[in-house]
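The next block holds one structure in the form of structure tokens; read it before the comments.
The values are calculated or read from the model by the stated rules, or taken from the named source; none is laboratory data. Since the model is a prediction, treat every value here as computed from it, not as a measurement. Every residue, glycine as well, gets a Cβ built from its backbone with ideal geometry; the counts of neighbours run over all protein chains shown.
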Amino acid sequence: MITREKPERNTGSELVTGIGELLTVDPARGEESVLHDAALVVEDGLIAWVGHADQAPAADRAVDVEGRAALPGWVDSHTHLVFAGDRSGEFAARMAGQDYQAGGIGVTTRATREADDQTLRELVAERAAGAAAGGTTYLETKTGYGLTVPEELRAARIAAEAADEVTYLGAHLVPEGITAEDYVDLVCGSMLDAVVPFVQWADVFCERGAFTPEQSRRVLEACRDAGLGLRVHGNQLGHGQGVALAVELGAASVDHCNFLSDHDIAALAGSATVATVLPACDLSTRAPLAPARQLLDAGATVAIASNCNPGTSYTTAMNFCVATAVLQMGLSVEEAVRAATLGGAQALRRDAPSDGRPAVGYLAVGNRADLHVLDAPSAVHLAYRPGMPLTWAVWQEGRRAL
Ligand SMILES: N=CN[C@@H](CCC(=O)O)C(=O)O
Ligand SMILES: [Zn+2]
């Protein structure tokens with residue numbers, strides 16, 4: 001059983017050697033980013049050395065992974081882990097032909113409000129532990145199933161205990177008993193003031209049945225003015241303004257992206273906004289798959305995330321998301337791995353050191369030592385053997401987590 005509770009930091013250096021194939025995903029290595037017969041050294045939670053095993057420096061300890069493949073830990077840049085309740089009935093109805101409706105968020109909001117703090121905390125911790133057991137070493141999660149000031153504040157506090165990055169999603173759905181305009185005032189006002197100490201990001205569900213582009217803009221601008229980074233749920237249920245708004249406001253990511261015009265794709269390609277695709281969500285909602293192949297071909301930056309939530313994607317299994325991106329979205333294994341590691345880090349603006357924190361999402365000297373070793377000789381096995389339990393070992397911030 002692994003948990004996200006952090007044991008004491010290992011002292012001294014640790015050599016991880018015998019790596020048959022190492023996907024460093026290091027942009028500085030260009031075409032040479034995959035190493036064979038490789039090793040790396042971890043020290044003080046950081047990567048101290050990466051290279052060929054026969055040139056590895058001495059270390060205080062060594063682990064031989066006996067020819068297995070290794071890659072950066074997954075960076076899951078989009079989850080909604082703070083929830084209680086079950087919507088399997090809604091899922092079954094969808095599999096019987098019903099469309100996904102944003103209104104299902106209200107069902108989870110009711111169940112979440114009924115859960116006491118300890119129950120909610122345990123549910124979130126279990127989900128985060130499940131993500132880590134599947135190779136996720138850096139995790140974002142959101143509020144959004146509270147939708148009142150005290151409930152969003154509670155969600156933000158609990159999220160901050162379990163995740164590396166927290167996003168305020170008060171603008172997930174207009175709750176019952178309040179007009180949309182009054183609710184947007186609340187989201188931009190006292191609700192924002194309450195959550196700001198616990199969150200780094202703000203998000204808005206800019207979609208029919210949720211928030212209009214005008215309402216979304218108000219929320220994003222207020223949150224930006226409060227110092228938060230921006231993200232947008234957009235273009236999930238149909239064509240719309242989500243992508244354009246995200247690009248215009250310099251959001252770090254726009255997520256879902258199922259319905260994109262050529263103009264949307266060109267706008268993303270010419271911007272610093274990452275297009276985050278959510279393969280498990282697309283399958284679970286029987287939506288048209290997000291056009292990840294076209295986005296990459298156009299030059300956009302793509303991230304893959306799990307979107308773990310009870311309505312549209314009840315999984316934190318990033319191995320599965322990566323396999324689906326290869327098998328169904330037309331990405332190569334290297335492209336999919338990059339999108340689920342470096343792409344996620346770019347979507348969270350964590351691909352470079354900042355505020356004294358090391359970069360995540362790729363394996364280079366000085367970066368956070370987040371490593372995922374597969375029980376397979378190459379990363380191709382992620383797609384070649386979909387659904388198999390391929391996560392063999394995980395180092396998170398230099399500590400052996402699995
Ligand atoms: N799109 C908005 N939010 C979630 C769904 C939330 C729900 O249905 O509970 C999503 O990312 O798919
Ligand atoms: Zn989502």
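So the values come out like this:
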| read-out | value |
| --- | --- |
| Condition broken by GLY209, with the remaining ones in (1) outside any loop (DSSP other than H, G, I, E, B); (2) touching a Leu at 6+ places or on another chain (Cβ under 8 Å) satisfied | (1) |
| Residues located in the stretch 375-394, provided they are within 17 Å of ASP76 (Cβ to Cβ) and either crowded, with 24+ Cβ neighbours inside 10 Å or free of Cβ contacts under 8 Å to residues at least 12 places away in the same chain (or both) | LEU382 |
| Top-ranked residue in the stretch 245-258 [being over 20 Å from the mean Cα position of the chain (by Cα) and touching a residue at least 24 places away in the same chain (Cβ under 8 Å); ranked as surrounded by the fewest Cβ atoms within 10 Å (Cβ to Cβ)] | LEU249 |
| Residue that is nearest to ligand 2 (Cβ to nearest atom), among those in the stretch 270-292 that are surrounded by fewer than 18 Cβ atoms within 10 Å (Cβ to Cβ) and over 21 Å from GLY238 (Cβ atoms) | ALA272 |
| Helices (runs of 4 or more DSSP H) completely within the stretch 308-369 that count 3 or more residues being without any contact (Cβ under 8 Å) to a residue 60 or more places away in the chain | 318-327, 333-340 |
| Boolean, LEU289 is away from ligand 1 (no atom under 13 Å from the Cβ), within 26 Å of PHE91 (Cβ to Cβ) and either in a loop (DSSP other than H, G, I, E, B) or in the same structural domain as THR136 (by TED's automatic domain parsing) (or both) | yes |
| Pair list, Cβ under 8 Å, 6 or more apart: the stretch 89-103 residue assigned by TED's automatic domain parsing to the domain that holds THR285, other residue within 16 Å of ligand 2 (Cβ to nearest atom) and aliphatic (A, V, I, L, M) | GLU90/VAL107; TYR100/LEU237; TYR100/ALA287; ALA102/LEU173; ALA102/ALA210; ALA102/LEU237; GLY103/LEU173 |
| Test result for GLU214, more than 15 Å from ligand 2 (Cβ to nearest atom), more than 30 Å from LEU71 (Cβ to Cβ) and either surrounded by fewer than 24 Cβ atoms within 10 Å (Cβ to Cβ) or in contact (Cβ under 8 Å) with a residue 12 or more places away in the chain (or both) | yes |
